[in-house]
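See structure below.
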Amino acid sequence: MVALSHPTIRLSIPLSIRPAIAADLPKLEWYGQYTHFRNVFRRAFQDQEQGSRLMLIADCNDFPIGHIFINFHDNRDQSAYLYSLRIMEMFRGHGIGSRLISEAEKIARRRGCLWSTIAVAKDNTRALELYQRLGYETYAEDDGFWRYRDHLGRMRSIKESCWLLQKSIAVR
Ligand SMILES: CC(C)(COP(=O)(O)OP(=O)(O)OC[C@H]1O[C@@H](n2cnc3c(N)ncnc32)[C@H](O)[C@@H]1OP(=O)(O)O)[C@@H](O)C(=O)NCCC(=O)NCCS
């Protein structure tokens with residue numbers, strides 16, 4: 001029997017972090033994996049255009065391989081809520097998620113925010129550990145209930161018990 005060889009090549013890929021543009025919206029569905037979030041992405045993009053949210057994209061060759069969104073609320077409490085942090089599976093564990101969080105914090109700080117907050121599902125222990133490593137501390141818990149309309153117009157409900165974490169991002 002002929003032994004098969006398994007040639008390997010090392011890739012180095014260009015990655016930039018930038019705000020979302022309209023052309024990203026269909027790509028954010030990741031070829032069907034997140035089609036059900038179509039309206040959620042559209043709404044976040046509209047809010048970005050109004051200035052109340054920012055969709056930060058990890059871009060590789062014009063494709064959003066990861067993202068984090070920032071909700072600035074009305075900013076009375078001077079906090080930025082970071083959410084929808086997600087990296088395509090094959091790109092995880094290379095520091096992209098940490099980098100997105102750090103860029104999001106810088107942007108929030110420039111907008112005058114004193115606190116950065118994040119929610120994490122109680123069973124997502126690896127993400128929780130990542131946030132703790134980056135300086136986030138648990139301050140409350142939440143039932144994590146939210147609703148959205150999917151791409152077929154159906155209302156979907158999500159309920160996943162989560163921890164709320166915060167970090168001071170005030171300039172020292
Ligand atoms: C959590 C997530 C964004 C981290 O992105 P990343 O680019 O892999 O993060 P980094 O490379 O900067 O840091 C890696 C660390 O992330 C954490 N992590 C959480 N889930 C992970 C996963 N599925 N694969 C790899 N690392 C993960 C680990 O603490 C890991 O450190 P470790 O290797 O020492 O365990 C990414 O794993 C992901 O998209 N997960 C699915 C979606 C999700 O859970 N989002 C968070 C919602 S609150």
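Values quoted throughout were computed directly from the atomic coordinates according to the rules given, and no laboratory measurement underlies them. Being a predicted model, the structure only gives us computed values, none of them experimental. Methodologically, a virtual Cβ is constructed for each residue, glycine included, from the backbone with ideal geometry; neighbour enumeration extends over all protein chains shown.
Give the shape of region 16-168 as rounded, prolate or oblate, defined through the alpha-carbon gyration tensor: a ≥ b ≥ c are the square roots of its eigenvalues, a/c under 1.5 means rounded, and otherwise the shape is prolate if a/b is larger than b/c and oblate if not.
Because its axes are fairly even, with a/c under 1.5, region 16-168 counts as rounded.
Using a simple charge model, +1 on the beta-carbon of Lys and Arg, -1 on the beta-carbon of Asp and Glu, nothing else, what dipole does region 24-172 show about its Cα centre, in debye to the nearest 20?
Once rounded to the nearest 20, the dipole reads 160 debye.
Please identify which residues in region 107-130 have an amide N closer than 19 Å to a label point set 7 Å out from the Cα of residue 161, following the Cα→Cβ vector.
119-129
Just want the ordering: 145, 72, from fewest to most Cβ atoms lying within 10 Å of their own Cβ.
145, 72
Per DSSP helix of 4 or more residues, -39500 (n - 2.57); summed, then divided by the residues of the chain. What does that give at 222 nm, rounded to the nearest 500?
Taking each H run of at least 4 residues, the total per residue is -7000 deg cm²/dmol.
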